[in-house]
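Can you keep this structure in mind? I'll have questions shortly.
Values quoted throughout were computed directly from the atomic coordinates according to the rules given, and no laboratory measurement underlies them. Please read all numbers here as calculations on a predicted model, not as lab measurements. Here the Cβ positions follow ideal geometry from the backbone for every residue, glycine too, while neighbour counts run over all protein chains shown.
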Amino acid sequence: MGYPTYGPSKQQNAANYQKIKIETASPEALILMLYDGALRFMAQAEAAFEENNIEKINNFLLRVQAIFTELQCSLDREKGGDIAANLERLYIFFNNQLVEANMKKDVNYLLAIKPMVQNLRDSWEVAMQKHQSTQSNVPPRPRLNLSA
């Protein structure tokens, strides 16, 4: 007979940790997390293609699409200028490729964009690191507590 457990489970602890990580992340770090999530779901979709698991293919591709839609909506078109416009076109292209992959159940549409997504993610990380190194002498901005 096992002893009763008290407190949060390991899954609850992991979910709480993830929630705190997201809530305390900078906007730049959140974008990196979105790219990481897109790549993770793309890898899971790729595995689902190998298993020929239609339900998983659909679910993972929809998750990736949601991420690119979120990235597209988060663009600051006024401050971002040409870069924001180009990123918007890329996100639209990525979503179109994902729709084709899902409709035709063809992994090649997914594989065609995967290196581009990885390149964007890596470029964002480098830009973030450069920005952080130039901002190291600037005091941090106060964060708003939105939980109240």
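Using a cut-off of 15 Å between beta-carbons, work out the net charge of the residues near Q118 (Lys and Arg +1, Asp and Glu -1, Q118 not included).
Numbers: positive: R40, K114, R121; negative: D36, E46, D122, E125.
Cβ neighbours under 15 Å give a net charge of -1.
Between beta-carbons, use under 9 Å as the cut-off and find the net charge around A84, counting Lys and Arg +1, Asp and Glu -1.
Numbers: positive: R77, K79; negative: D76, E78, D82, E88.
After counting each charged neighbour, the total is -2.
Apply 1/(1 + (r/R0)^6) to the Cβ-Cβ distance of Q118 and K10, taking R0 = 41 Å, and write down the FRET efficiency to the nearest 0.05. Write down the numbers at each step before the final one.
Details: r = 30 Å, r/R0 = 0.74.
Between Q118 and K10 the formula returns 0.85.
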